[in-house]
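Take a look at the structure below.
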Amino acid sequence: MSSAASEMTATGAPNRSGGMVFLKAFAGLFLRDLRVLTRELGPFLLRVGMQPLLFLFVFTFVMPHMSSGNPMAGGAGTSFGTILLPGLMAVAIMFSGIAAVALPLSTEFGITREIDDRVMCPVPVAAVAIEKICFSAMQSIIGALMVIPMAIWIPAKPVYPEIQNWLLFALVLVMSSLLAGALGLTIGASVNPKQIGLVFSIIVVPITFLGCVYYPWAGLKQMVWLQYGVLFNPIVYMSEGLRAAVTPSVEHMPVWAILLALTFFLGILGSLGVRAFLRRVIS
Amino acid sequence: MRGISPDAAEIPLPIPMNSYIVEIKALKKVYEGKQRVVALDGIDLEVRQGEIFGLLGPNGAGKTTTIGICTTRTLPTSGTVTINGIDVVAHPARARQFIGVVPQFNTLDRSLTIYENLYFHCRYFGMPHSEAKSRSNALLAQFLLSERGKAYPAQLSGGMAQRVQIARAIAHRPLVLFLDEPSAGLDPQSRIAMWEAVEGLRKEGITVVLTTHYMEEADALSDRVGIVDRGRMLALGTPQVLKDTHGARTVIDLKLRNIDGADSIAEKMKVLAGVDGAERIPEGVRVFAGNVDGLLPELIQVCSPLGLRDISIAEPSLETVFIHLTGRDLRE
Ligand SMILES: Nc1ncnc2c1ncn2[C@@H]1O[C@H](COP(=O)(O)OP(=O)(O)OP(=O)(O)O)[C@@H](O)[C@H]1O
Ligand SMILES: [Mg+2]
């Protein structure tokens, strides 16, 4: 079998060995996704932008302008904005991840089996799955970055990011985005298209609400059962990580714990997702 | 009549081993599950470089499963497949460089135009932009699709979509192209266009393995045909050899009103001149005849006491070969 490489040229086919094959195929897959995305740039921006836009508008603009009797009003409004900024970035990352992988994958796996041609690439099938995670991560990063200008312009009192450690920011942003893509891959490859809406309401929405998005983890001190319960939720580390990087003045988990947990969940969901993908395309 | 009968063996050719582009050895596939299905029950096959090979068999014979394993999409339970000497289970990614596939169903990328379907396929296989572009345009021209480059797959007719799928499958210049039921669902005109496209591949030196349950298609297109049924290869050879050894006989089905006496009628028919054999079928009698001249009136006369309801005649073809081998119709 080791003579296969020499046979390739012997049969007249161009020499197609080497690690470049992998990179080129990966780039091809990425370009394909990019092409599809640019064709739907408007819907994409609306999809990732709408939720943080409305959240900021209602909670940091409308509420603070309301008269007395509102718990969010007064001094609380602005600091809530500061808490909300990293949280909304985490939400944007999550939802882009799901929308970028889970939804298209579940149709591509469906009756049309559009994924077939990509699965036949001359690279291990896992690479096709990993490309999906990476492409989704790119969208998540764009989604998260879009929240920053919104937080400056929309609230009654602008919320500025206070990034001190850019390396930490980049690390948390990229890891969270990959994590969201891995979650999207797991969902998209293991759930059938009919149930994707259900999965949204029973998994995605709950883990978002219980993901320390709208409150810092430290704020759960009074409810120890909840504070420890949510540690199983990967979203917690996305929002806490972004809190540590974007608004370090707000109390947050220790950075080492955040990075450790992000790595852990990325490993778990990544391998789950890739395995689910393989199960779907190899029988 | 199970297994490859010795007289159906291929004509031995003095070709060294490595000129087999596809080599299948003792291939088995069992789908475990609530219901255990033995899809392939020991298939052996060698496909030579440059030939067009047809796998002919009824629904559920195991054709798609065979192609699935050859194209790295299905894992065999046991046995081996090599493509250009590369084991598809051990090195699937490497093997895929040499494989082109047109699956049984339209799997064109719905989010891309026809041109882009070809272009990105080329990119997946490592071609740089300019080469992918010129290759895609050349393929559009070759398959008479130039005007449809900007259309989306949903806007194409079944025949056009099938041509795009073939174009896409050979875009990276594979050594062997697998076509699963290429003419399923095509109108006769598109089917002929598809046949021409496949014939054209021969000139490019691409080996083709196709599956079909249309015997005319297997006959018209293939250099050699393998007849599969229930996961086994029943016969293998050129269409002519198969017809000569198994089915150079006309099959005449006589449906009777009163089938109680059919057995004795079959016995009577066996001794008629020109009749090679006769057997009971549920609705009457089936006669295998070498020479039909003058036979029909005699058959009708023999049947007349029981009342002849219907008579159907199948000329020698791969269809009669199949009936001979399995006792069933391809369509059953
Ligand atoms: N994923 C699967 N799980 C269980 N059984 C399967 C699976 N795929 C195929 N089979 C069974 O294996 C057998 C062979 O199927 P296969 O698709 O290979 O037949 P085929 O010759 O391609 O038939 P057709 O002409 O209908 O396409 C059938 O009995 C089928 O039901
Ligand atoms: Mg089939």
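Could you check the range B:205-239 and list, in sequence order, the residues that are among the basic types (Lys, Arg) and open to solvent by 40 Å² or more (accessible area, probe 1.4 Å)?
Matches in the range B:205-239: B:ARG230, B:ARG232.
Within the range B:299-317, how many residues are part of a helix (DSSP H, G or I) and loosely packed, with under 15 Cβ neighbours inside 10 Å? Reasoning before the result, please.
Here is the first cut: in the range B:299-317, the ones part of a helix (DSSP H, G or I) are B:299-306.
Checking the rest, the ones that are also loosely packed, with under 15 Cβ neighbours inside 10 Å come to B:300-301, B:304-305.
The qualifying residues number 4.
Within the range A:261-283, does at least one residue satisfy the condition of being touching a residue at least 60 places away in the same chain (Cβ under 8 Å), open to solvent by 40 Å² or more (accessible area, probe 1.4 Å), more than 23 Å from A:LEU88 (Cα to Cα) and among the basic types (Lys, Arg)?
yes
Condition test on B:ASN117, is it within 27 Å of A:GLU40 (Cβ to Cβ) and at pLDDT below 95?
So B:ASN117 does not fit the description; no.
Matching residues to (1) closer than 22 Å to B:GLU204 by Cβ; (2) touching a Lys or Arg at 6+ places or on another chain (Cβ under 8 Å):
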| residue | (1), (2) |
| --- | --- |
| B:SER146 | yes, no |
| B:ALA151 | no, no |
| B:ALA154 | no, yes |
| B:ARG163 | yes, no |
| B:ARG168 | yes, no |
| B:VAL176 | yes, no |
| B:PRO182 | yes, no |
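Assess whether B:ASP87 counts as being away from ligand 1 (no atom under 16 Å from the Cβ), without any contact (Cβ under 8 Å) to a residue 12 or more places away in the chain and of a type outside the set (Val, Ile, Thr).
Judged against the criteria, B:ASP87 is a match.
In the range B:170-189, what residues are closer than 12 Å to B:ASN106 by Cβ and among the hydrophobic types (A, V, I, L, M, F, W, C)?
Those that are closer than 12 Å to B:ASN106 by Cβ and among the hydrophobic types (A, V, I, L, M, F, W, C): B:ALA184, B:LEU186.
Across the range B:35-54, what is the number of residues that are in contact (Cβ under 8 Å) with a residue 40 or more places away in the chain and either out of contact with any Leu (no Cβ under 9 Å at 6 or more places or on another chain) or within 16 Å of ligand 1 (Cβ to nearest atom) (or both)?
Looking only at that region, the number is 12.
Do we have A:LEU242 as open to solvent by less than 40 Å² (accessible area, probe 1.4 Å) and modelled with pLDDT under 95 here?
Values: open to solvent by less than 40 Å² (accessible area, probe 1.4 Å): yes; modelled with pLDDT under 95: yes.
The answer is yes for A:LEU242.
Do you know which residues across the range B:99-120 are more than 7 Å from chain A (Cβ to nearest Cβ) and aromatic (Phe, Trp, Tyr)?
B:TYR115, B:TYR119
Would you check if there is a residue in the range B:61-72 being within 21 Å of A:ASP117 (Cβ to Cβ), buried (at least 17 other Cβ atoms within 10 Å of the Cβ) and away from ligand 2 (no atom under 16 Å from the Cβ)?
Checked against the condition, which is being within 21 Å of A:ASP117 (Cβ to Cβ), buried (at least 17 other Cβ atoms within 10 Å of the Cβ) and away from ligand 2 (no atom under 16 Å from the Cβ), the range B:61-72 yields at least one hit.
Restricting to helices (runs of 4 or more DSSP H) lying wholly in the range B:135-228: which have 3 or more residues that are small (Gly, Ala, Ser)?
Once the helices (runs of 4 or more DSSP H) in the range B:135-228 are filtered for at least 3 residues that are small (Gly, Ala, Ser), what remains is B:158-170, B:188-203.
Looking at B:GLY185, B:GLY158, which is the one that is of a type outside the set (S, T, N, Q), within 16 Å of ligand 1 (Cβ to nearest atom) and either away from chain A (no Cβ under 14 Å) or surrounded by fewer than 19 Cβ atoms within 10 Å (Cβ to Cβ) (or both)?
B:GLY185
Is there a residue in the range B:194-208 that is within 16 Å of ligand 1 (Cβ to nearest atom), among the hydroxyl-bearing types (Ser, Thr, Tyr) and under 17 Å from B:THR66 (Cα atoms)?
Looking through the range B:194-208, none of the residues is within 16 Å of ligand 1 (Cβ to nearest atom), among the hydroxyl-bearing types (Ser, Thr, Tyr) and under 17 Å from B:THR66 (Cα atoms).
Go through the residues of the range A:230-240 one by one and say whether even a single one is outside any loop (DSSP other than H, G, I, E, B) and in contact with a His (Cβ under 8 Å, 6 or more places away or on another chain).
Yes, the range A:230-240 contains at least one residue that is outside any loop (DSSP other than H, G, I, E, B) and in contact with a His (Cβ under 8 Å, 6 or more places away or on another chain).
Output yes when any residue across the range B:244-252 is open to solvent by 40 Å² or more (accessible area, probe 1.4 Å) and either of a type in the set (Val, Ile, Thr) or assigned to a helix (DSSP H, G or I) (or both), and no when none is.
Yes, the range B:244-252 contains a residue that is open to solvent by 40 Å² or more (accessible area, probe 1.4 Å) and either of a type in the set (Val, Ile, Thr) or assigned to a helix (DSSP H, G or I) (or both).
B:GLN165 - would you say it is open to solvent by 30 Å² or more (accessible area, probe 1.4 Å) and either within 14 Å of chain A (Cβ to nearest Cβ) or away from ligand 1 (no atom under 16 Å from the Cβ) (or both)?
It is false that B:GLN165 is open to solvent by 30 Å² or more (accessible area, probe 1.4 Å) and either within 14 Å of chain A (Cβ to nearest Cβ) or away from ligand 1 (no atom under 16 Å from the Cβ) (or both).
If you go through the range B:42-56 one residue at a time, do you hit one that is surrounded by 23 or more Cβ atoms within 10 Å (Cβ to Cβ), more than 19 Å from B:LEU221 (Cα to Cα) and more than 13 Å from ligand 2 (Cβ to nearest atom)?
yes
Among the helices (runs of 4 or more DSSP H) lying completely within the range A:84-196, list those that include at least 1 residues that are away from chain B (no Cβ under 14 Å) and under 21 Å from A:LEU46 (Cα atoms).
A:125-153, A:166-190
Just for the range A:24-57: of the residues that are small (Gly, Ala, Ser) and without any contact (Cβ under 8 Å) to a residue 40 or more places away in the chain, which one is surrounded by the most Cβ atoms within 10 Å (Cβ to Cβ)? It would help to see each step written out before you state the result.
Taking the range A:24-57 first, the residues small (Gly, Ala, Ser) are A:25, A:27-28, A:42, A:49.
Filter once more, keeping what is without any contact (Cβ under 8 Å) to a residue 40 or more places away in the chain: A:27, A:42.
Numbers: A:ALA27: 14, A:GLY42: 8.
My answer is A:ALA27.
Do we have A:GLY219 as open to solvent by 40 Å² or more (accessible area, probe 1.4 Å) and over 17 Å from the mean Cα position of the chain (by Cα) here?
When the stated conditions are applied, A:GLY219 passes them.
Looking at (1) at pLDDT 90 or above; (2) open to solvent by 90 Å² or more (accessible area, probe 1.4 Å); (3) more than 10 Å from ligand 1 (Cβ to nearest atom), which is the one condition that is false for B:ASN18?
(1)
For the range B:55-78, which positions are basic (Lys, Arg) and either within 6 Å of ligand 1 (Cβ to nearest atom) or touching a residue at least 40 places away in the same chain (Cβ under 8 Å) (or both)?
Within the range B:55-78, the first condition is being basic (Lys, Arg), and the residues that meet it are B:63, B:73.
Correct list: B:LYS63 only.
List every residue pair whose Cβ atoms sit under 8 Å apart, with the two residues 6 or more apart in sequence or on different chains, where the first one lies in the range A:123-136 and is buried (at least 23 other Cβ atoms within 10 Å of the Cβ) and the second, anywhere, is among the polar types (S, T, N, Q) and assigned to a helix (DSSP H, G or I).
Partner pairs satisfying both residue conditions: A:SER136/A:SER96; A:SER136/A:SER177.
Would it be correct to say that B:THR82 is touching a helix residue (DSSP H, G or I) at 6+ places or on another chain (Cβ under 9 Å), more than 10 Å from ligand 1 (Cβ to nearest atom) and among the hydroxyl-bearing types (Ser, Thr, Tyr)?
In short, yes.
Any residue at all in the range B:22-42 that's more than 12 Å from every other protein chain (Cβ to nearest Cβ), farther than 18 Å from B:VAL176 by Cα and under 15 Å from the mean Cα position of the chain (by Cα)?
no
Could you please give the count of residues in the range B:75-87 that are open to solvent by 10 Å² or more (accessible area, probe 1.4 Å) and on the phi < 0 side of the Ramachandran plot?
7
Please work out which one of (1) within 29 Å of A:ALA25 (Cα to Cα); (2) touching a Pro at 6+ places or on another chain (Cβ under 9 Å); (3) away from ligand 2 (no atom under 16 Å from the Cβ) is the condition B:LEU75 fails and give its number.
Only one criterion is unmet by B:LEU75, namely (2).
Tell me, which residue of the range B:121-148 that is more than 25 Å from B:LEU210 (Cα to Cα) and crowded, with 19+ Cβ neighbours inside 10 Å is farthest from the other protein chains (Cβ to nearest Cβ)?
So the first thing to find is which residues in the range B:121-148 are more than 25 Å from B:LEU210 (Cα to Cα), and the list is B:123, B:126-134, B:137, B:146-148.
Now restrict to residues that are crowded, with 19+ Cβ neighbours inside 10 Å: B:123, B:126-127, B:132, B:148.
Values: B:ARG123: 3, B:GLY126: 4, B:MET127: 8, B:ALA132: 8, B:ARG148: 18 Å.
Per the criteria, the residue is B:ARG148.
The values are calculated or read from the model by the stated rules, or taken from the named source; none is laboratory data. All of these numbers come straight from a predicted model, not from anything done at the bench. Virtual Cβ from ideal backbone geometry, glycine too; neighbours counted across all protein chains shown. We work out accessible area using only protein heavy atoms, side chains counted, and drop any ligands, DNA or RNA first. Shrake-Rupley method; radii C 1.70, N 1.55, O 1.52, S 1.80 Å.
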